[in-house]
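What follows is a single structure, written as structure tokens, with notes after it.
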Amino acid sequence: RQLNSRRVELERALSNHENDNQQQRIQFEQAKEGVTALNRILPRLNLLADDSLADRVDEIRERLDEAQEAARFVQQFGNQLAKLEPIVSVLQSDPEQFEQLKEDYAYSQQMQRDARQQAFALTEVVQRRAHFSYSDSAEMLSGNSDLNEKLRERLEQAEAERTRAREALRGHAAQLSQYNQVLASLKSSYDTKKELLNDLQRELQDIGVRADSGAEERARIRRDELHAQLSNNRSRRNQLEKALTFCEAEMDNLTRKLRKLERDYFEMREQVVTAKAGWCAVMRMVKDNGVERRLHRRELAYLSADDLRSMSDKALGALRLAVADNEHLRDVLRMSEDPKRPERKIQFFVAVYQHLRERIRQDIIRTDDPVEAIEQMEIELSRLTEELTSREQKLAISSRSVANIIRKTIQREQNRIRMLNQGLQNVSFGQVNSVRLNVNVRETHAMLLDVLSEQHEQHQDLFNSNRLTFSEALAKLYQRLNPQIDMGQRTPQTIGEELLDYRNYLEMEVEVNRGSDGWLRAESGALSTGEAIGT
């Protein structure tokens with residue numbers, strides 16, 4: 001509280017000092033103007049010899065002092081003057097005449113009461129005029145005309161005096177109200193200033209200020225100290241605000257990091273719980289199906305998760321083609337591709353393991369393990385393949401004989417179709433007179449037969465190869481003769497087996513005879529719906 005009061009005192013002293021400084025600046029400006037004026041009157045030095053100039057200068061200085069005093073007064077009491085401006089007319093009157101005004105006001109009230117009594121009496125007389133209508137009223141009227149004129153004049157004078165008294169009363173009442181307002185404002189101003197003076201005196205006593213010649217110097221020193229403390233406090237506050245802002249930003253960052261870590265922790269916790277549950281399910285699964293020995297392999301324990309995942313993906317990719325024909329295994333493989341359910345890969349392994357175990361031929365392989373059985377079967381398959389190749393080489397026939405056999409078979413089938421056409425000549429329905437089958441040899445296959453029978457020496461590199469069977473060599477020759485044909489995903493063995501079937505060499509069409517239209521294909525749009533169905 002003492003510091004605040006001291007600060008208020010210093011601010012007040014500072015404001016007074018600023019006011020004095022402003023006044024001094026005004027005086028300085030006025031002095032500058034005076035110097036400028038003196039510079040202007042330098043050419044007129046002869047006027048300085050005038051004796052009356054000194055008096056005029058003194059008079060002007062007095063007026064200047066009065067103007068400056070008036071300006072300071074206006075600047076100091078501008079608000080009070082603005083409040084007193086509406087009652088200037090009242091303030092211009094002499095307060096000593098207040099008693100006289102009160103007496104005039106009382107006299108005016110007495111005159112007003114007399115005028116009211118007279119008016120009341122006249123009103124009574126007017127109301128009772130009907131009672132004065134005597135028989136001799138004419139004589140009385142003629143005799144008292146002078147009296148009536150006098151009374152009328154007195155009445156008019158009384159009314160005029162009453163009007164003037166009312167106006168005077170109103171003026172006195174207005175002046176009285178103005179005086180009362182002025183008195184109230186002066187009293188309130190006096191009380192306020194007195195209270196302010198008392199407060200200032202008490203504050204001076206509380207803070208221990210002595211109003212002596214050194215008070216201003218002490219106040220100035222104290223002001224400088226307070227200004228220095230204030231600047232230090234402001235700088236300290238700015239530093240603390242910056243530190244607080246930095247701490248808040250750091251706290252926000254830490255809060256966000258904490259929330260992120262909590263989310264990551266919960267996600268990792270869920271993943272760990274899910275992984276544990278999946279591992280427990282996998283362990284139960286492998287124990288129930290007896291594949292625990294296959295999963296707990298020593299070399300797998302030292303591999304990373306990426307390596308294990310890569311091995312799993314490669315194995316699944318290799319098995320995808322192997323299980324393409326098995327609907328159950330294909331569905332299990334599709335379910336195992338879900339990355340969120342890795343235990344389904346074990347289910348797929350178990351399903352494949354069971355599938356292989358069920359298909360082990362005990363008459364060939366003496367084991368219950370499908371993996372060992374596959375290894376033994378691969379060895380047996382390679383042995384059988386070698387034996388089959390050797391037997392095929394022993395029993396191999398020439399390409400010319402194969403072409404002759406296929407040609408003879410095609411001719412036999414064509415003869416059978418001709419015999420069938422003879423029976424179909426009597427078939428008729430609608431506008432169809434007869435039906436026949438038209439069989440032709442495909443051009444590409446006919447070219448293959450010609451090459452096999454006549455130009456087989458040029459392609460002995462295929463049929464004499466130990467790595468190719470006769471079917472594969474036949475497929476390679478067909479691809480060599482027809483490179484424009486796309487074989488798709490079929491293997492050479494499959495294509496060669498198809499080329500050994502005579503039915504793939506034939507193209508059969510159904511034709512109908514409609515009289516004037518001649519022979520038409522059964523797929524022609526010229527046939528009606530019933531004819532097409534009959535055909």
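Only one entry of 310, 304, 336 meets the criterion of being outside the structural domain of residue 490 (by TED's automatic domain parsing), of a type in the set (Ser, Thr, Tyr), closer than 17 Å to residue 354 by Cα and within 45 Å of the chain's Cα centre (by Cα), and that entry is 336. Candidates in region 197-233 are the residues that are among the charged types (D, E, K, R) and at pLDDT 85 or above; of these, the one that is surrounded by the most Cβ atoms within 10 Å (Cβ to Cβ) is 223.
Does residue 320 meet the test of being farther than 28 Å from residue 271 by Cβ and under 49 Å from the mean Cα position of the chain (by Cα)? When the stated conditions are applied, residue 320 does not pass them.
In region 465-519, the residue that is farthest from residue 324 (Cα to Cα) out of those that are surrounded by 18 or more Cβ atoms within 10 Å (Cβ to Cβ) and among the aliphatic types (A, V, I, L, M) is 512. Kindly indicate whether any position in region 299-315 is within 25 Å of residue 489 (Cβ to Cβ) and of a type outside the set (Lys, Arg). The answer is yes; a qualifying residue exists.
Of all residues in region 278-312, those that are exposed (fewer than 14 other Cβ atoms within 10 Å of the Cβ) and of a type in the set (S, T, N, Q) total 2. What's the number of the only condition in (1) in a helix (DSSP H, G or I); (2) of a type in the set (A, V, I, L, M, F, W, C); (3) at pLDDT below 75 that residue 346 fails to meet? All conditions are met except number (3). For residue 371, indicate whether it is over 30 Å from residue 474 (Cα atoms) and at pLDDT below 75. Yes, satisfied.
The values are calculated or read from the model by the stated rules, or taken from the named source; none is laboratory data. Nothing here was measured: the structure is a model prediction, and the numbers come from that model. Glycine gets a Cβ as well: all are built from the backbone with ideal geometry, and neighbour counts include every protein chain shown.
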